[in-house]
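Okay, structure first, notes after.
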Amino acid sequence: MSSLIDILDLSTAELDELVHTALDIAHDPSKYADACRGKKIATLFFEPSTRTRLSFEAAMYELGGSVLSVPSGAISSTSKGESISDTARIVSLYADIIALRHPLEGAAAVAASKSAVPVINAGDGGHFHPTQTLTDLLTIYREKGTFENLTIGLCGDLKYGRTVHSLVTAMSRYAGTRFVLISPEELRLPEQIMTEIERYHVPVETTSSLDEALPKLDVLYMTRIQRERFDDVAAYERLKDSYILTPEKMQFAKPDCRVLHPLPRVNEISTLVDDDPRAAYFRQAGNGKLIRMALILKLLCEADGKTKPVPGVPMPGKRCPNLRCVSNVEPELQGLFRESTEKDDVCRCAFCDTAVK
């Protein structure tokens with residue numbers, strides 16, 4: 001594997017391998033203290049981030065490596081109009097691995113197609129966030145001892161929440177998984193993610209009531225309603241307080257339920273829940289460093305110096321309708337599309353997975 005763009009780039013065997021490497025790092029960190037000596041990671045973050053950027057940087061330092069950091073697009077050449085393709089080409093001359101966060105969906109795939117070193121997608125718009133999913137998986141395993149036969153509730157912004165999209169895709173592949181999707185009608189899980197769940201025949205329940213869902217759950221994955229993903233401010237204001245988890249609500253949760261959240265939170269989890277032993281979200285943040293250490297080791301070990309072309313075929317005259325898609329912002333990118341598995345005339349943008357007729 002040359003880069004990690006989508007959680008589906010990893011098989012379940014590879015997911016299990018990464019989790020067990022992370023567990024070994026937690027058990028004996030000194031064994032890994034010089035594993036990346038002489039190696040450099042470039043953290044290119046064109047959206048605000050605290051946990052993800054710092055955990056990547058802490059991961060590399062604890063592996064004995066070094067960090068080249070661009071914490072804001074405002075201080076990079078992208079502010080002068082440099083393309084993602086050119087940025088990736090240049091940075092891959094200076095670093096051994098790149099962690100990229102970008103507001104445009106498909107940006108990480110473009111970077112991987114031009115970079116001579118592995119690229120890790122640290123979040124591309126509302127699309128994917130595979131290393132958060134690895135963090136979530138490690139947390140689930142450490143808290144529950146298994147990935148199988150779990151009922152997982154996902155609550156809040158399921159439409160734009162890239163962490164939700166990646167987690168659902170990953171957990172769909174484990175036996176006995178059940179999903180309870182808790183959201184307002186306007187923030188339901190996108191069609192293409194629902195299609196992915198259906199492909200694995202995973203039972204799904206959809207509801208707008210957190211109170212009704214809580215007693216059934218082994219894991220509750222809370223998310224914030226993301227202001228930055230809304231074009232309509234009025235819609236955000238109407239939906240932002242749809243779900244607030246309180247100690248009173250936690251009375252209805254199982255004694256061994258675990259509450260996860262990718263953070264940052266706003267007010268969707270009361271601070272009064274923090275001392276509940278079922279609240280795992282701060283432990284979850286700590287797990288992010290461990291799993292990113294494991295991933296960095298794997299990618300550097302398997303790096304082959306080859307680029308990763310974006311899979312798809314050009315369709316002259318067809319454009320992706322998603323205005324957040326990288327193909328609509330970077331003029332040198334032609335539209336690339338993949339045929340849909342659905343029995344209709346829909347294809348999907350190769351960059352952001354948006355359906356195009």
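Quick look at the numbers
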read-out: Translational D in µm²/s for the chain (Stokes-Einstein at 10 °C, 1.306 mPa s, Kirkwood Rh from C-alpha pairs); value: 76 µm²/s
read-out: Accessible area expressed per residue, the chain, with surrounding protein chains retained (probe 1.4 Å, Å²); value: 42 Å²
read-out: Radius, Kirkwood style, for segment 85-229 when every pair of distinct Cα atoms is counted (Å); value: 16.3 Å
read-out: Heavy atoms of residue 134 accessible to a 1.4 Å probe, total area in Å² rounded to 10; value: 0 Å²
read-out: Percentage of interatomic Cα-Cα distances in segment 1-151 larger than 27 Å; value: 23 percent
read-out: Cα pair distances exceeding 12 angstrom across segment 242-285, given as percent; value: 58 percent
read-out: Sequence-distant lysines (8 or more away, or on other chains) whose Cα lies within less than 17 Å of residue 306; value: 114, 298
read-out: Convex hull of segment 283-357 built on C-alpha atoms - directionally averaged projected area, nm²; value: 8.0 nm²
read-out: The chain, accessible surface, carbon-and-sulfur percent (1.4 angstrom probe); value: 52 percent
read-out: Convex hull of segment 269-309 built on C-alpha atoms - directionally averaged projected area, nm²; value: 4.8 nm²
read-out: Tail fraction, Cα-Cα pairs, segment 76-135, threshold 18 Å, whole percent; value: 29 percent
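The values are calculated or read from the model by the stated rules, or taken from the named source; none is laboratory data. Because the structure is a prediction, the values reported are computed rather than measured. All accessible areas refer to the heavy atoms of the entire protein, side chains included, with ligands and DNA or RNA removed. Shrake-Rupley method; radii C 1.70, N 1.55, O 1.52, S 1.80 Å.
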